[in-house]
Amino acid sequence: MQRRHKVIIYALMALVMIFFLGPILWFILLAFRHPSEAYTLPPQLFFEPYLGNFGDTFVDPGNNAPQLVSSVIVSTGATLLSLPFALASAYALSRFAMRGKDFIMNWYISLLIAPPIVFVIPYFILMSRIGWAGSYQAMIVTLQTLAIPFSVWLLKSFMDEVPLDLEEAAWVDGANRIAAFFRIIIPLALPGIIVTSMFTFVFSWNNVIFPLALSKQSTTTLPVGTISFFASSGVYWGHIAATAVVAMLPPMIIFLLLGRYVVRGLTFGAVKG
Amino acid sequence: MRNRYTWNRRLPYLLLAPSVIVLLALILYPLAFALCNSFWFWNLQMGPAPLYYSGLDNYRLVFQVTPFWVALKNTLLLGFLGTFAQFWFGMGIALLLHTHLRGTGLMRALLIMPTTLAPVVAGFLFRYLLEPKGGLLLWALEGIGFPVPPQGFLGNANTALLSIGAVDTWQWTPFFAIVLYAGLLSINEEVKEAAQVDGASAWRMFWSITLPLLRPIAAFLVMIRFMQLFNSFDLVFVLTSGGPGTASRTLSFNLYREGLVNYNIGLTAAMTWLVVIIVSVIINLYLFFIYRKREW
């Protein structure tokens, strides 16, 4: 490649990176600024770091610390609950020839891309009728409308890659399908199961509609907690930034860890990457 | 032996049953709930149960009291413009990554960061950057002489919806870039070399070889992104709350307003069914025309 071309491409790449990462870095800096400096113009890139925003929100009075715990409970709960359902379905779709397979796969994906707000309002009424209003289980159960279809798709793509020979060998040895499933598929698809769980965790973590409608103050999650700063007196950007930075860290770390599985996770296993 | 045969034939359906039953219960309840209550007058602030039968009134009221057509127009506009912009920007970046110069690996790993954010967090990022007094982006744009409306982009009726689309595009262009790059890698180099030998220009090769070969991936991406944009709620909520006035209302935001702010359950139920019908039409048209040949 010509030197001139290389220079142009590097310049474009630098622009792209500034455009996509700049806003995130600027917001992270905001979390470490003293509230009086949130709007200083021209912008100050170097300043005395201030930890008070994190102190106020997570330590004393620490209104957002319980929300962090709620986020962990809801996301973990939703992920764990979806797994047994998704494992069984993904195995069926991966290993059996059956009529209507395309239909079922399309049905799962249409749930995944349907507007969640349509379901949320009836759930809101239902949960208060059965005494689950504001409970963790209300969020965990309803999040399954997204968690199960997503996990089925992604897990199926991982199970498709476990060679059939190994399973057949187990059948010859007298294991039935269920035993072979536990002895062959589960261990060999374990990396895929872990990857799937981590993505389900992230999607539940980042979900706002369900907790917004179904939580109460003591069970609400961190992203919803961030929103509530807007409702209260005036916009206090330092606090918003501090909670938002804590809320963005787990997904970012998980995506960095998952590296080469990112394409697959984001496309529900449809693109291998 | 025969027993084992029927057992194996029934097994896949038995394995599918739990997830299908749970999901059916989780979606049929809301749909049935909405259908029944759409014929009743029911405001949750007035009582915990429907007040009186009102026939098709709720369906009429959707068009009279709520900005349904504005929201439908905004929702479709957001879906089409957003998907279009994200696809082509993403394609551009994917081609940059495909040069495989030093540093593209790191770039790919970091580039996805906007997509990992919760949409509300992305919304906050840009509310801060677009704050009329002191927002960095607004300040910079004013500095280079860009015409910035006095209320800022989010407070102006002409730019509010476009701003939401722009923030979504910022968040999801990396997604298109990374996935389309994976698609570029899967294209057989021999096909391209053959075209090169035949004297095809780079431009021609892109349109006649690369793009058609990316079609299955592109069709999938466009479908899921269009629908996610169609469902836009989080970003609207944080950036503009549908405002100013109703300038950036989307269908999802209308549902939220009527259902969870005004507590008009009957009216929301009628709106829900209108939205369900629109969404079903879109998804089925898509599956029928573009997606039919795909094999799982």
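The values are calculated or read from the model by the stated rules, or taken from the named source; none is laboratory data. It should be emphasised that the depicted structure is a prediction, and the values quoted were computed from it without experimental measurement. Neighbour counts run over all protein chains shown; Cβ positions are idealised from the backbone, glycine included.
Restricting to region A:245-273, and then to whatever is at positive phi and free of Cβ contacts under 8 Å to residues at least 60 places away in the same chain, can you tell me which residue is surrounded by the most Cβ atoms within 10 Å (Cβ to Cβ)? That would be A:GLY273. Just to be sure, is B:THR83 within 9 Å of chain A (Cβ to nearest Cβ) and either in a helix (DSSP H, G or I) or at pLDDT 95 or above (or both)? Judged against the criteria, B:THR83 is not a match.
Yes or no: region B:245-252 includes at least one residue that is surrounded by 24 or more Cβ atoms within 10 Å (Cβ to Cβ), hydroxyl-bearing (Ser, Thr, Tyr) and within 7 Å of chain A (Cβ to nearest Cβ). Looking through region B:245-252, at least one residue is surrounded by 24 or more Cβ atoms within 10 Å (Cβ to Cβ), hydroxyl-bearing (Ser, Thr, Tyr) and within 7 Å of chain A (Cβ to nearest Cβ).
On inspection, B:LEU211 does not qualify as within 27 Å of B:GLN45 (Cα to Cα), among the aliphatic types (A, V, I, L, M), more than 21 Å from the chain's Cα centre (by Cα) and assigned to a helix (DSSP H, G or I). Among the candidates B:ASN8, B:ASN43, which residue alone is within 10 Å of chain A (Cβ to nearest Cβ) and in contact with a helix residue (DSSP H, G or I) (Cβ under 8 Å, 6 or more places away or on another chain)? Matching residue, one of B:ASN8, B:ASN43: B:ASN8. Of the residues making up region B:105-138, those that are of a type in the set (A, V, I, L, M) and more than 7 Å from every other protein chain (Cβ to nearest Cβ) number 5.
Residues considered: B:PHE63, B:PHE33. Of these, the only one that is out of contact with any Asp or Glu (no Cβ under 8 Å at 6 or more places or on another chain), under 30 Å from A:ALA88 (Cα atoms) and modelled with pLDDT of 90 or more is B:PHE33. Under the condition of being over 24 Å from B:SER280 (Cα atoms) and basic (Lys, Arg), the residues counted in region A:90-126 number 1. For region A:167-189, the set of residues classified as farther than 16 Å from A:ALA88 by Cβ and surrounded by fewer than 13 Cβ atoms within 10 Å (Cβ to Cβ) consists of A:GLU168, A:VAL172, A:ASP173, A:GLY174, A:PRO187, listed by residue number. When the residues of region A:1-42 are filtered to those that are part of a loop (DSSP other than H, G, I, E, B) and surrounded by 14 or more Cβ atoms within 10 Å (Cβ to Cβ), which remaining residue is nearest to the other protein chains (Cβ to nearest Cβ)? That would be A:TYR39.
Within the set A:ALA170, A:ALA180, A:ALA147, the sole residue that is in a helix (DSSP H, G or I) and more than 12 Å from chain B (Cβ to nearest Cβ) turns out to be A:ALA170. The single condition from (1) more than 11 Å from chain A (Cβ to nearest Cβ); (2) on the phi > 0 side of the Ramachandran plot; (3) touching a helix residue (DSSP H, G or I) at 6+ places or on another chain (Cβ under 9 Å) that B:SER163 fails is (2).
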